[in-house]
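Here's the structure we're looking at; comments come further down.
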Amino acid sequence: MSLISESCRRQHSRSEFRFIPAPWRRSAESLEAITLFASFDPRQRAVVESHCRWRHVRAKEWLFEQNEAGSDVYFLSRGVVRVIMTPSPDRDVILGDIEAGGYFGEMSVLDGLKRSAGILAKTEATIGILPAVVFRELVYPHVREQLISRCVSHIRGLNQRVKEFSSMHVSDRIYVELLRQARPHPTDQKKAIVSPTPLHSDIAGRVSTRRENVTRELKLLEQSGRLIKKDGAFVLTNISTFVEQRGTASSAIGEDRGRGTSGRIRHLALATDRFAPSVSL
């Protein structure tokens, strides 16, 4: 226990720690909504919370960067953060977004290596930070199966993206990405709606291309009738035809012959590469 206490004291002394008003802190600094602790009773969760230090970050603030040394595990109790890889100095690849209730950083605990991607706050956020030694002692023995399952899901998602990058034209990759962000059209099962419309730079980061390519391809999709701009949203058309023509797209949404097109779209919207609620790092 002395090793844990000493680690926590060192972590609390870091200058990056920020105090926030006490009433707000009491409501935000909690692990209750973190999915990893769903099986913990209140007493177990309180013990883990007692070893966390809490950090409040503003939008566009880095929590850590790719290849940075570190082994703390992060629990996101409020806000949204973005997972970013930087394969070259002038190019970022967006792996996904993590929303409140998610966690990240556990991969470095498991393999001892540097961070495989960076984490950038997309909104204001509150994060509980747990030292690796505490995570191994108090958390890992109870969540092994969850971590294995999530890592397998993460690998499958990355395999799917490699398939898309290697076998699909950029216009189809963009269309599939829009499908991931879409919800079913309320009156037409052959259509889907993306609202609000995503930034071209965000789409580019997700499909591994440049922003100007996204702008050009969206115009071509619009001219071909596969995409309609309406009331601040994108309406995607001919969903069933696209799904049937593209085996890659069918893999992305999962094979389920018992579902109609609307059900497939709904499944795809849920099975996005956000890896929600968490991403292995």
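Laboratory data are not the source of any read-out in this text; all were calculated from the coordinates shown. What you are looking at is a predicted structure, and each value in this text was computed from that prediction instead of being measured. With ideal geometry, Cβ positions are generated from the backbone for all residues, glycine too; neighbour counts draw on all protein chains shown.
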- prompt: What ranking, highest mean first, results for peptides 128-136, 40-48 when packing means the other Cβ atoms within 10 Å averaged over each residue?
  reply: 128-136, 40-48
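Counting other C-beta atoms within 10 Å, which of ARG206, ARG53 has the fewest, and how do the rest follow? Show your work: numbers first, answer last.
On the way: ARG206 26, ARG53 20.
Listing ARG206, ARG53 from fewest to most nearby Cβ atoms yields ARG53, ARG206.
So, R0 is 30 Å and r is the distance between the beta-carbons of SER149 and LYS122; what FRET efficiency does that work out to, to 0.05? Write down the numbers at each step before the final one.
Values: r = 26 Å, r/R0 = 0.85.
FRET efficiency, SER149 to LYS122: 0.70.
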message: Please give me the summed charge of the neighbours of PHE234: other residues whose Cβ is under 14 Å from its Cβ, Lys and Arg +1, Asp and Glu -1.
response: +2
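Too long at a 23 Å Cα-Cα cut-off: which of LYS191/LYS230; LYS190/LYS219; LYS163/LYS190; LYS190/LYS229; LYS163/LYS230?
Pairs exceeding 23 Å: LYS163/LYS190; LYS163/LYS230.
Can you figure out the FRET efficiency of GLU32 with THR197, using R₀ = 35 Å and their beta-carbon distance, to the nearest 0.05?
Numbers: r = 34 Å, r/R0 = 0.97.
Working from the Cβ atoms, E equals 0.55.
If packing is taken as the average count of other Cβ atoms within 10 Å, what order do 105-114, 152-161, 71-80 fall into, highest mean first? Don't skip to the end; give the middle numbers.
Working: 105-114: 17.3, 152-161: 14.5, 71-80: 22.3.
Final packing ranking: 71-80, 105-114, 152-161.
Need one word for region 169-245: rounded, prolate or oblate. Basis is the Cα gyration tensor (sqrt eigenvalues a ≥ b ≥ c); a/c below 1.5 gives rounded, then a/b vs b/c decides. Let's see the in-between values first.
Values: a/c = 1.70, a/b = 1.41, b/c = 1.21.
Prolate, because a/c is 1.5 or more and a/b exceeds b/c.
Below 8 Å, C-alpha to C-alpha, sequence gap of six or more: please give me the relative contact order for region 169-245 in percent.
Working: 91 pairs, mean separation 25.3, N = 77.
Once divided by the residue count of region 169-245, the mean separation gives 33 percent.
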task: For LYS60, go through the lysines and keep the ones whose alpha-carbon is under 18 Å away, minus same-chain ones fewer than eight residues off.
output: LYS122
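Please work out how much length the chain gains when fully extended from THR86 to VAL133, using 0.36 nm per residue of separation minus the C-alpha to C-alpha distance, in nm with one decimal.
On the way: separation 47, 0.36 × 47 = 16.92 nm, distance 2.87 nm.
Computed gain between THR86 and VAL133 is 14.0 nm.
Just rank LYS190, LYS229, fewest to most, by other beta-carbon atoms within 10 angstrom.
Exposure proxy ranking, most exposed first: LYS229, LYS190.
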